[in-house]
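Structure, as structure tokens:
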Amino acid sequence: MNRKTANQIADTIENVTRAMAEWTVNRHLKSDPLLPEKYGAFWRNDWVSHVESRFRFLAQAVALERPEVFARALQWTAKAHGEQSESLADLELSLRCMREIVREELPTAALEPTGRCIDAALDEMHANGGLDQSTLRPDAPQDRIALGFIEAVLTGEDHHAARLVLDAAKSGTPLTDLYTGILQPAMREIGILWHRGDISVAEEHLATATTRDVMARLRSGFPEPRSDARRLVAAAVAGDFHDLGLRMATDILELSGWRAWFLGANVPADILIEFMERCPANMLLLSVSTALHLRAAARTIETIRRDQTANRLKILVGGPPFAEISDLWRDIGANGCSVSLQDTVRAADAMFNHN
């Protein structure tokens, strides 16, 4: 199947996600009439919303012809459901109902690629263990600060949380280590706690806001870039409103000597091109926080490649989807990929040192 056909199928899926989700939940309820009893008064709205999201992930996987994109997108969901065997069984039944609806409602050309994606998710579901466990150890100095940061935030002591990191900076901890050894691990832990339902959305937002505040204070101590420094523009793709990881990666590159312009979240391709016409850059750092934004990233890169002023730009992508799936960055037309915050400088340098 060529990429044009794959994108047409993906467009078809995205155009009918709501209806397909409703039909899938109807089929699921027919197969298991106890769903309302198990999941409460608002079960239907919740399940339709979740299934609709799965159809959107499915469209991304089909467009890129990468079934593992859908399988990995379901990984966290399967882990959460896996804490209770009955709940995991409900997720599996939902996926099977989803596959039935796809077979009945989508064009014939869509059946094979969508079937491969759903089968990949079903195959991988039972291979996953429980939810991710903390990797932070109280006996490790930087981990101890990260754990203290988390505890302070979750008890409403956000000023104390910030002070822990700023005091570490004053005591001589390298700025890069503050990002890679304290702030990033702390926010990863916060994400795990939120996904497990152990903390509220408000607490997650407070942790994010506190981290942004700390980073802003740390940036005041960054050295000025040299006049001949390589220049980069950093942005999250259109529709992606998560840019904390991008901000961290941009700061790490600035600390290594780059001159950076941080445009933040939800930046359409035409805005990027317009900005780079006025502020020419050597590299675009493009962030994709979830697989739901992979098609947007591919379209952004395609648009840039067609533009005469920006088509030679080096494009480095980063975000969880690229860390989870090898060579996915090639499928969307990027020049390279950073698989972790610690890898950012190496990946950026490699794109230029290779040529």
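Here are the numbers for this structure:
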item	result
Members of region 288-320 that are in a loop (DSSP other than H, G, I, E, B) and surrounded by 24 or more Cβ atoms within 10 Å (Cβ to Cβ)	Val288, Gly319
One residue from Ala71, Ala41, Ala89, Ala80 being outside the structural domain of His195 (by TED's automatic domain parsing) and either under 24 Å from Thr5 (Cβ atoms) or at pLDDT 95 or above (or both)	Ala71
Any pair with Cβ under 8 angstrom, 6 or more apart, that starts in region 147-167 at a residue that is assigned by TED's automatic domain parsing to the domain that holds Ala202 and more than 15 Å from Gly181 (Cβ to Cβ) and ends at one that is surrounded by fewer than 16 Cβ atoms within 10 Å (Cβ to Cβ) and among the aliphatic types (A, V, I, L, M)	Asp158/Ala209
All positions within region 246-287 that are out of contact with any helix residue (DSSP H, G or I) (no Cβ under 7 Å at 6 or more places or on another chain), assigned to a loop (DSSP other than H, G, I, E, B) and surrounded by fewer than 18 Cβ atoms within 10 Å (Cβ to Cβ)	Gly257, Pro268, Cys279, Pro280, Asn282
Of the criteria (1) in a helix (DSSP H, G or I); (2) at pLDDT below 95; (3) within 18 Å of the chain's Cα centre (by Cα), which one Ala350 fails	(3)
Unmet requirement for Gly221, which otherwise passes all of (1) free of Cβ contacts under 8 Å to residues at least 40 places away in the same chain; (2) of a type in the set (Gly, Ala, Ser); (3) part of a loop (DSSP other than H, G, I, E, B)	(1)
Within region 36-47, tally of residues that are surrounded by fewer than 18 Cβ atoms within 10 Å (Cβ to Cβ) and either in contact with a helix residue (DSSP H, G or I) (Cβ under 8 Å, 6 or more places away or on another chain) or part of a helix (DSSP H, G or I) (or both)	8
Residue selected from region 327-354 under the condition among the polar types (S, T, N, Q) and out of contact with any strand residue (DSSP E or B) (no Cβ under 9 Å at 6 or more places or on another chain), by the criterion surrounded by the most Cβ atoms within 10 Å (Cβ to Cβ)	Gln342
Residues located in region 142-154, provided they are surrounded by fewer than 16 Cβ atoms within 10 Å (Cβ to Cβ) and touching a helix residue (DSSP H, G or I) at 6+ places or on another chain (Cβ under 9 Å)	Glu151
Only one of Ile199, Ile192 that is at pLDDT below 95, surrounded by 15 or more Cβ atoms within 10 Å (Cβ to Cβ) and in a loop (DSSP other than H, G, I, E, B)	Ile199
Residue in region 5-19 that is in a loop (DSSP other than H, G, I, E, B) and modelled with pLDDT of 95 or more present	yes
Members of region 291-307 found to be farther than 18 Å from Glu68 by Cα and not aliphatic (A, V, I, L, M), listed by number	Arg299, Thr300, Glu302, Thr303, Arg305, Arg306, Asp307
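The values are calculated or read from the model by the stated rules, or taken from the named source; none is laboratory data. Note that the structure is a prediction, hence the values are computed from the model and not measured. Neighbour counts are summed over all protein chains in view; Cβ atoms, including those assigned to glycine, are modelled from backbone coordinates with ideal geometry.
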